[in-house]
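First comes the structure, then the notes that go with it.
The values are calculated or read from the model by the stated rules, or taken from the named source; none is laboratory data. Please read all numbers here as calculations on a predicted model, not as lab measurements. Note that each Cβ is placed from the backbone with ideal geometry, even for glycine, and that neighbours are counted across all protein chains shown.
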Amino acid sequence: MNRELGRTALVTGASRGIGLETVRQLDLAGLDVVLAARDVARGRAAARSLGSPRIRVEELDVTDAKSVADCSRRLADDGVDIDVLVNNAGIYPTDSFFSLDEDTMRQALDVNLMGAFHACQAFCPGMARRGYGRVVNVSSGLGALTENVPSPAAYGISKAALNALTLVVSAAVPGTVKVNAVCPGWVRTDMGGRGAPTGVEQGADTVTWLARLPDSGPTGGFFRNRRKIDW
């Protein structure tokens, strides 16, 4: 029997790119998947393109704590427990530090950091109570302090903070809930651009791998190509 059957994953920012490919891969693995998107019409169109009855679309603006709470409540009212959370929603401002305005900095933190914060606060307590959970924070090597100065400024700082959040949440939940971060690499998406060297299938591979870790799997780590890296 497929151990994934009966599990439900929620993927944020899932109407395109790595998020949508993660939805596809998790669906193929046998999970029910909640495709969460700020633009629900776009989310529904994306779900139709995959053609699976196991995909549910939910409106979710990760920057709005009320939107996240409302989504959590709708799912709970329908008897849907989230076993896997993929915090994929993100933006990529490229301004250099002295060209960076405060609004752009705040927006990067709101989406890339606070979005994951809101989602973890909404869904991780239930995972802890049920004794099973997988959380994957889609980060970047550009936020790794050991590889370089985090850059571009707003993006790198927000991803470094997301890595810190990964460690904090992993320490706050029992070991049955695995919380990890992933660097998918430079991927050919709307964000990464056509010149990126990595296809979306490979970019989502480690995300999906972390989302399906066995009970003996790692927690509190940062991974690229299924290998632990420094941060």
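Quick check: anything in the range 175-192 at pLDDT 95 or above, among the small types (Gly, Ala, Ser) and assigned to a loop (DSSP other than H, G, I, E, B)? Among the residues of the range 175-192, at least one is at pLDDT 95 or above, among the small types (Gly, Ala, Ser) and assigned to a loop (DSSP other than H, G, I, E, B), which makes the answer yes.
Looking at the range 15-35, is at least one residue under 18 Å from the mean Cα position of the chain (by Cα), at pLDDT 95 or above and farther than 23 Å from residue 201 by Cβ? No, there is no match, as no residue in the range 15-35 is under 18 Å from the mean Cα position of the chain (by Cα), at pLDDT 95 or above and farther than 23 Å from residue 201 by Cβ. Counting only helices (runs of 4 or more DSSP H) wholly contained in the range 17-129, the ones carrying 1 or more residues that are touching a Gly at 6+ places or on another chain (Cβ under 7 Å) occupy 17-28. Would you mind stating whether residue 158 is at pLDDT 95 or above and polar (S, T, N, Q)? Here the answer is yes, as residue 158 does meet what is asked. When you look at residue 84, is it in contact with a strand residue (DSSP E or B) (Cβ under 7 Å, 6 or more places away or on another chain) and either at positive phi or touching a residue at least 12 places away in the same chain (Cβ under 8 Å) (or both), yes or no? Yes. Filter the range 130-162 for residues that are of a type in the set (D, E, K, R) and in a helix (DSSP H, G or I); which is farthest from residue 12 (Cα to Cα)? Once the filter is applied, the top-ranked residue is 130.
Which of the numbered conditions does residue 44 fail, given that it passes all the others? Conditions: (1) surrounded by 21 or more Cβ atoms within 10 Å (Cβ to Cβ); (2) free of Cβ contacts under 8 Å to residues at least 24 places away in the same chain. With respect to (1) surrounded by 21 or more Cβ atoms within 10 Å (Cβ to Cβ); (2) free of Cβ contacts under 8 Å to residues at least 24 places away in the same chain, residue 44 is out only on (1).
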